[in-house]
Structures are given as structure tokens and as C-alpha cells.
Amino acid sequence: MANGNKWLRGTLLATSLGVLLVSYNNCSGFHSYTEDEDTQISGSGGLPPVSGQGLSGAISFISDFGRVSGWAMDESLPSTTVTVEFYVNGSKGGGGTFAGSINATDFAQGIRNGHGFAYDLPAQFRTGSASSLYVYAVLQGREVALANGTLFAAYIPKAAGQAYYESTLRPLLSSRCANCHGIDYMGHYYSLIYPSPFNGGTRSNNELLNKASGRNHGGGNRCGGAGNSPCAEIQQWWDLEFQ
């Protein structure tokens, strides 16, 4: 991917909020996510592997919640541990803000076992604003750039949005949808953010609204029209989370 190009998301989301299973059954039609779901689509939209100074690695996925997954290693010294450093809105030594580092020792990434990593960017970089990401594999004075200005946007659920969901939307959905769906804030948030605003999502085309309107939904149209309840409340919730 050329420097500065927009990140091309995969077909699934991932969460950096911890291990979380969103329950559903065959009549739901909604996504179900887990902490490591980003690793299931490694290579289907990630940056191509790079190598230099004896190091190699790749970014496999950047989730909508700011989790950066990939691998990094020294091919000639596979028993050594490579450190991965993250900078936002500028390169290392070129004005970028240091966003942290992690050792690439993860066996759960599914590729390059023992050399994977999954790093959650700090909250200050998950404001929903478009930013550029620079990632470096570093070992003993050597380094290679795994990402060099990749554009992304990451999000954190907002307290105002959750308060509105719990007080207004949850009661509506509980009375209409509970037979098929788990009624919980984060479970529905995943559908609200699909696709994310960075990837073209709006108050009127997100998956939660589409499903409630009857699009590819086994439970049919639960609103009757986009301006009717609970579709009107879903759009208000979207505004609170993303505007």
C-alpha cells in the first residue's frame, strides 16, 4: 500500500475492549465479535510484508477500536525478540507522537508463531479523527518500517451514547427484539459502527439501522420507516456516538 493511502478494512471488525462474545442465534443476522477476530482475516487487507536490515514483518489489521495486529522477527535469529514501536501523525524522528511499544512474542496471531503482536493504541489516539500510523520493528539498533503513514481512525464508545442506549433504546429493543438478540450496549454498538464513519458509515446506513429496517433481517422490519421508533432512536444514538 502506498504511503498515505487510506486503510482498507477487512470484512470484519475487531475489539480492543477485552474478550467479549456477543451472543446471537440464527434469527439475528448480526455480527458476533471476539477479541482476536482481527487475526482471522490476516492478509485480506493488511499491508504487505516488508524486510530490511535483517528484520521482517507486516501489519495484518487495524481495528476500528485501535488494535494494531501483525508480526515482526529477525529471520536469521528466530529465537530473538523484536520490539515494535508505534508513532502517530508523523514518523519516528520526524515529528510523530510516540504511541507506545510492544514485544512481538504473541503465539495467538496465527502467523509467524511466537513473533506476533496485537497492540491497543492509547485512548488519545482513538478519537474518531483520521490519523496516520507509523510502525517500526526494532532490534539492537536495526529497524524497518512496517507502516509508513497508513491512514486510520479508531473509536471509543462514549458515555453519553451508552447513557442514551440504556435509558431510551434498550427498553424499546427489549420489548421487540429480545427473542432473537442479546440486548446489550456493546453488542449493538458493533452493529452501529459497521461500517465506521471513517469507512463511510452514517446515521442512515449503519448495520443496526439496516437490520431494524428489515434489510437482510430474519425478524423483518421493526420500524416501518426510518423516522419511526426504534429507527429514529438508533439514529439519535449514532449521533451521540460519532458526531
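Couple of notes before you dig in:
- Take the Cβ atoms of residue 175 and residue 199, set R0 to 45 Å, and the FRET efficiency comes out at 0.90.
- Span from the the stretch 151-181 Cα centroid across to the the stretch 182-224 one, whole angstrom: 10 Å
- Charge tally in the Cβ shell below 13 Å around residue 217, where Lys, Arg are +1 and Asp, Glu are -1, residue 217 excluded: +3
- Computed from phi, the 3J(HN,Hα) profile of the stretch 60-76 under the Karplus parametrisation 6.51, -1.76, 1.60 (θ = phi - 60°) reads 8, 6, 10, 7, 5, 10, x, 8, 9, 10, x, 8, 7, 7, 9, 4, 7 Hz, with x in place of Gly and Pro.
- Computed extension length for residue 81-residue 97: 3.4 nm, one decimal, from 0.36 nm per residue of separation with the Cα-Cα distance subtracted.
- A cut-off of 5 Å between modelled amide H atoms, ignoring neighbours fewer than 5 places along the same chain, links residue 150 with 4, 133.
- For the stretch 37-152: rounded, prolate or oblate by the Cα gyration tensor [a/c cutoff 1.5]: oblate
- Using the Karplus relation 6.51 cos²θ - 1.76 cosθ + 1.60 with θ = phi - 60°, the per-residue 3J(HN,Hα) values for the stretch 82-88 come to 9, 8, 10, 10, 10, 10, 10 Hz, with x marking Gly and Pro.
All of the numbers you see were taken from the coordinates with simple rules; none came from a lab. In this text, all values refer to a predicted model and were calculated from it rather than measured experimentally. So basically every Cβ, Gly included, is an ideal-geometry build from the backbone, and we count neighbours across all protein chains shown.
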